[in-house]
Amino acid sequence: VSEGTWLEKNNYAQFDGWELRQLINFVAADDGVPEPEIIIEVLKGCRNNNDYALATRFLEVVRLKGGNKMSETWPYIMQEIGPTMQELGISTLKEMGYEEPELWLENVDDM
Amino acid sequence: MTTLNMLRCAPRALKKQPIWVAPSRNIALTSVNRDAPATTGSKAVLPGHEYYPGKEEYSPVIGHREIVGHGEIPYYTDSFTVPCPAIRFREVDEALGKLREKEKGDWKLLSLEDKKTLYRASFNSTLEEVRAPSGDWKRCIGDNAILMALMFLGVSVIGFADPQYEPKTVTNEWVDAQTEYLIKRRVQPVDGIASWYDYENNKFKPTWSIFTTKETSKSVKTLSEKE
């Protein structure tokens, strides 16, 4: 991890489920895409907590943090974390079908 | 607009469905032991689920859903700014408990359906569905178009039905007096009204019939008889 990044190499893999969700909320609020080393540790933390849904949610967040440059950042990150995802058994967002909306859900304001 | 929005609650009230569930008064936030960690007294509720704090205090607000994050009164939201809320979405079931035990094993053994049910158990919608457009602009433009149509109908039909708004220069009496005056003054003798009147026989020439309807033809006959 380069110097000066906010998220540094840390033992995120031993985090509790509660602390991992706090971390992911901070990542969503921060202005930038996290580095692949940190993503790998968070995924290992999800594995240790036996929470599969959290891993897919985190991957969605990382993808949408790219913003208008999603087409440039997302393939690079998939390239870097592909091996660990295959090890842990996490399927990609394309296989799940979550790169596009799956269901049409009624907006709460229109109920 | 707030009254319109309140009227949308009417069918729900008629069916005696709750519109908003208020938390009961038994929630005593002071009694929550905040210093204790999450895994105090792990009582197995269902296979795969352990005891979670605040289970009895928040049940009227959140039901049998698992608390998974920080928050004084936990609630569920779907948004990109808070992607991981404090509680899961769906309640605890036996089938879900079995899935959770399967989740503790190897994730490669999970089928795609299992993964999707696990995701929908924790979250209501994906973040892409949150970004998807709702198509509400069609409703807005349609409602406005209906209101504008009603307004135009009201002004054109109901507004002009009042005899106050009828101009007097359109009645047959006025027009007859007007034509009598014009013919006496011999205005427009080349291309106009005086050229269509035969002053020797005191009649209108046959070309005048173009400008007549059933009602005007009677008044024209009386005029020609007079002169």
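With a ≥ b ≥ c the root eigenvalues of the C-alpha gyration tensor of the stretch B:74-128, is it rounded (a/c under 1.5), prolate (a/b larger than b/c) or oblate? Prolate is the answer for the stretch B:74-128, as a/c is 1.5 or above and a/b outweighs b/c.
Taking the protein heavy atoms of the stretch B:59-100 in the context of the full set of protein chains, the accessible area attributed to carbon and sulfur is 54 percent at 1.4 Å.
Rounded to the nearest Hz, the phi-derived 3J(HN,Hα) couplings of the stretch B:188-198 under the Karplus curve 6.51 cos²θ - 1.76 cosθ + 1.60 (θ = phi - 60°) are 6, x, 8, 10, x, 6, 5, 7, 8, 10, 8, where x marks glycine and proline.
Solvent-accessible surface (1.4 Å probe) assigned to B:D198 amounts to roughly 40 Å². Each residue of the stretch A:51-58 was assigned a 3J(HN,Hα) from its phi angle through the Karplus curve 6.51 cos²θ - 1.76 cosθ + 1.60 (θ = phi - 60°); the sequence is 10, 7, 5, 5, 5, 5, 5, 5 Hz, with glycine and proline shown as x. Spacing of the modelled spin labels on B:K104 and B:K218, each 7 Å from Cα toward Cβ, amounts to 10.0 nm.
Between A:K9 and B:L4, the distance separating the two model label sites (each 7 Å from Cα on the Cα→Cβ line) works out to 6.0 nm.
Listed by chain and number, the lysines whose C-alpha is less than 16 Å from the C-alpha of B:K108, apart from same-chain residues fewer than 8 away, are A:K44, B:K116. The Cα center of the stretch B:107-144 and the Cα center of the stretch A:15-33 differ in position by 22 Å. When only alpha carbons of the stretch B:96-220 are considered, Rg and Dmax amount to 39.4, 117 Å. Relative to the isolated chain, which residues of the stretch B:89-105 have their accessible area cut by 20 Å² or more in the presence of all protein chains (1.4 Å probe, heavy atoms, no ligands or nucleic acids)? Relative to the lone chain, where solvent access is computed with a 1.4 Å probe, the stretch B:89-105 loses at least 20 Å² at B:E103, B:K104. Split the accessible area of the stretch B:166-206 by element, probe 1.4 Å, and carbon with sulfur accounts for 52%. Could you tell me which of the pairs A:K69/B:K138; A:K65/B:K104; B:K168/B:K221; B:K168/B:K205; A:K94/B:K104 are separated by over 26 angstrom between their Cα atoms in the structure shown? Too far apart for the 26 Å limit: A:K69/B:K138; A:K65/B:K104; B:K168/B:K205.
What's the total accessible area buried between chains A and B, using a 1.4 Å probe, rounded to the nearest 100 Å²? The A and B chains share an interface burying roughly 3800 Å². Each Lys and Arg contributes +1 and each Asp and Glu -1, all at the Cβ; summed about the Cα centre of chain A, the dipole is approximately 280 debye.
For B:D198, the residues whose modelled amide H falls within less than 5 Å of its own, excluding neighbours fewer than 5 places apart on the same chain, are B:K203, B:F204, B:K205.
Coupling constants for the stretch B:200-207 follow from the phi torsions by the Karplus curve (6.51 cos²θ - 1.76 cosθ + 1.60, θ = phi - 60°), and in residue order they are 6, 9, 6, 9, 7, 5, x, 5 Hz; glycine and proline get x. Measuring only protein heavy atoms, the 1.4 Å probe finds A:W18 accessible over about 60 Å². For B:T81, the solvent-accessible surface with a 1.4 Å probe is about 100 Å², rounded to the nearest 10. Label positions at B:E91 and B:N202, each projected 7 Å from the Cα along the C-beta direction, are separated by 10.0 nm.
Here the stretch A:20-83 is assigned +1 on the Cβ of each Lys and Arg and -1 on the Cβ of each Asp and Glu. Its dipole about the Cα centre then comes out at about 220 debye.
Applying 1/(1 + (r/R0)^6) with r as the Cβ-Cβ distance of B:T77 and B:L153 and R0 = 35 angstrom yields a FRET efficiency of 0.20.
With a Förster radius of 45 Å applied to the beta-carbon distance between A:E37 and B:W137, the computed FRET efficiency rounds to 0.55.
Convex hull over the alpha-carbon atoms of chain A: what's its volume per residue in Å³?
134 Å³
At most 14 other Cβ atoms within 10 Å and a DSSP loop assignment: could you name the GluC sites (Glu not before Pro) in the stretch B:85-151 that fit? Within the stretch B:85-151, the qualifying GluC sites (Glu not before Pro) (loop, at most 14 other Cβ atoms within 10 Å) are B:E91.
What chymotrypsin sites (Phe, Trp or Tyr not before Pro) in the stretch A:46-111 are in a loop by DSSP, with at most 13 other Cβ atoms within 10 Å of the Cβ? Of the chymotrypsin sites (Phe, Trp or Tyr not before Pro), the ones in loops of the stretch A:46-111 whose Cβ has at most 13 other Cβ atoms within 10 Å are A:W104.
The values are calculated or read from the model by the stated rules, or taken from the named source; none is laboratory data. Keep in mind that what you see is a predicted model, and the values were worked out from it rather than measured. Note: ideal-geometry Cβ built from the backbone for every residue, glycine included; neighbour counts use all protein chains shown. Quick note on the areas: whole protein, heavy atoms, side chains included, nothing else; ligands and nucleic acids left out. Shrake-Rupley method; radii C 1.70, N 1.55, O 1.52, S 1.80 Å.
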